[in-house]
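Notes to accompany the following structure.
Every number in this text was worked out from the coordinates using simple rules, so none of it is lab data. Given the structure is predicted, the values throughout are model-derived calculations rather than measurements. Here the Cβ positions follow ideal geometry from the backbone for every residue, glycine too, while neighbour counts run over all protein chains shown.
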Amino acid sequence: MPVFIKMIQVFFLAMIKYFYAPIYGLAVKLDFWNTYFALISGGSLAFLLYYHITRLLQIYYKHFMPSVNSIIPGKVLSSFQNWKKRRKERRRQRKKFTRWNKILVKLKRDYGMWGIILLTPVFISLPIGAFLLRKYYSEKNLALFYMLTSIVIEGFILCVIYWQMAKI
């Protein structure tokens, strides 16, 4: 298989599962630098896409949902309102804080923007990290730059670790 095709495969895998893309590059016998460049380009492009799509979804939800609700038939809207009441009542009766909620609150409170930036490429997925960064830290001008820098640095560290483990 040509090297270019392997790089495209690693590129698209990095867009979906950033953490596992270097392992795949190693499995298809792609050299270190080709894997690294496909990894960081795929991860960076995916993060930018998710980051900007999140903004579009936020705008849609804020501005277009009220106008959509005005054209929905009354019967559908009333059944939806009843469903929302039942759901609200069920949610009121269950646990308020799950383990995952506590982890996310602690991550934002204790580590803030830097925790999201450092943990997104490896532990948190790129779409969730893009959503959190856009929602809580979009006013910070350098947040996007720091995130892309984190993707590049952590990609290099992942590639080095996987190549060293392959030599053992």
Next item on the list: Return the calculated 222 nm mean residue ellipticity for the chain, to the nearest 500 deg cm²/dmol, obtained by summing -39500 (n - 2.57) across DSSP H runs with n ≥ 4 and dividing by the residue count.
Entry: -25000 deg cm²/dmol
Next item on the list: Mind sorting Ile8, Ile71 by how few other Cβ atoms lie within 10 Å of their own Cβ, fewest first?
Entry: Ile71, Ile8
Check: Which order do Leu133, Leu56, Leu104, Leu126 fall in if you start with the one that has the fewest other Cβ atoms within 10 Å?
Finding: Leu56, Leu104, Leu133, Leu126
Checklist line | Kirkwood Rh in Å, taken over all unlike Cα pairs in segment 124-168 | finding: 12.0
Margin query: How many angstrom lie between the Cα centre of segment 105-120 and the Cα centre of segment 138-168?
Written below: 16
Notebook entry, point to check: Quick one: Asp110, Asp31, fewest Cβ neighbours within 10 Å first, how do they rank?
Noted result: Asp110, Asp31
Notebook entry, point to check: Which of the helices in the chain, when you take each full DSSP H run, stretch at least 18 Å along the axis at their Cα atoms and have an average Kyte-Doolittle score of 0.5 or higher?
Noted result: 3-16, 32-59, 143-167
Next item on the list: Among (1) 50; (2) 63; (3) 44, find the value of percent of Cα pairs over 20 Å apart that was calculated from the structure presented, and write down its label.
Entry: (2)
